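**Student:** To start, I am sharing the structure in question, which I have written as structure tokens.
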Amino acid sequence: MARRRVKLAYIFNDSKRKATYRKRKKGIIKKVSELTVLCGIPACAIICSPFDSQIEAWPNREGVEQVIERYENTFVIYQSKNVNQESFLRERISKAEDQLKKLRRDNHEKELTMAMFQHMQDENLQNMSFEDANDLNKLIEKNLNDIEIKMAKLSV
């Protein structure tokens, strides 16, 4: 015989509501018990009722405290491992800014290298700013030092 679908709505009749509460509470505790036995996991149920003055805890108060303590410890560890979205985005922005600085530096160095080769071909460099000319001088000195180091390695 198929079960009929129960309409989920507040039960106004007090005696029917209490009877339904007892049946459903028993069913929930049975399901939690089955879950712990079948899956071998710690689980608990805490039921507060307007009909009873005491709070019901399954399997017992100590078992509930152990499960809650384990949950709280796991939650703290999980929170410390995970990074929230705001800090993740800040980190990504910082990395992107660093990458942009590096690319700008590399681009500037390549422009100076091109200017150095133009100067070697006797092209006019009068439109170069003082700062760029100073950077070009540093680049030429760096390249000369690199060449001297390579020549010293080859002669040894």
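The values are calculated or read from the model by the stated rules, or taken from the named source; none is laboratory data. Note that the structure is a prediction, hence the values are computed from the model and not measured. Cβ: placed from backbone, ideal geometry, glycine included. Neighbour counts: every protein chain shown. SASA here: full protein model, heavy atoms, side chains in, ligands and nucleic acids out. Shrake-Rupley method; radii C 1.70, N 1.55, O 1.52, S 1.80 Å.
**Student:** Normalised by the number of residues in the chain, what is the relative contact order in percent for Cα pairs under 8 Å and 6+ residues apart?
**Tutor:** Numbers: 53 pairs, mean separation 15.1, N = 156.
For the chain, the relative contact order is 10 percent.
**Student:** If Rh is defined by the Kirkwood formula over all Cα pairs and Rg also comes from Cα, what ratio Rg/Rh do you get for region 1-150?
**Tutor:** Working: Rg = 37.0 Å, Rh = 23.9 Å.
Rg/Rh for region 1-150 comes to 1.55.
**Student:** OK, next. What does the accessible area per residue of the chain come to in Å², with a 1.4 Å probe and no ligands, DNA or RNA counted? Walk me through the numbers on the way to the answer.
**Tutor:** Working: 14510 Å² over 156 residues.
Accessible area per residue, the chain: 93 Å².
**Student:** How large is the dipole of the chain about the Cα centre if only Lys and Arg carry +1 and Asp and Glu carry -1, each at its Cβ, rounded to the nearest 20 debye?
**Tutor:** Values: 29 positive and 23 negative charges, 561 e Å.
That gives a dipole near 2700 debye.
**Student:** Taking the alpha-carbon distance from residue 31 and a cut-off under 26 Å, which lysines remain once sequence neighbours fewer than 8 residues away in the same chain are dropped?
**Tutor:** 7, 16, 18, 23
**Student:** Given an 8 Å cut-off on Cα distances and at least 6 residues of separation, report the relative contact order of region 1-77 as a percent.
**Tutor:** 17 percent
**Student:** Would you tally the net charge around residue 52, using a Cβ to Cβ cut-off of less than 13 Å, leaving residue 52 out, and scoring K and R as +1, D and E as -1? Show your work: numbers first, answer last.
**Tutor:** Working: positive: 18, 22, 25; negative: 56.
Net of charged neighbours comes to +2.
**Student:** On full extension of the chain, what length is gained from residue 60 through residue 24, given 0.36 nm per residue of separation minus the C-alpha to C-alpha distance? Spell out each step's value before the answer.
**Tutor:** Numbers: separation 36, 0.36 × 36 = 12.96 nm, distance 1.88 nm.
Here the segment from residue 60 to residue 24 would lengthen by 11.1 nm.
**Student:** Right, another one. For the chain, with all protein chains present and a 1.4 Å probe, just round the carbon and sulfur fraction of the accessible area to a whole percent. Spell out each step's value before the answer.
**Tutor:** On the way: 7990 of 14510 Å².
Answer for the chain is 55 percent, counting heavy atoms of protein chains only.
**Student:** On a 1.4 Å probe surface of the protein chains, which of 98, 106 comes out largest in accessible area, and what is the full order?
**Tutor:** Of 98, 106, the descending order of accessible area is 98, 106.
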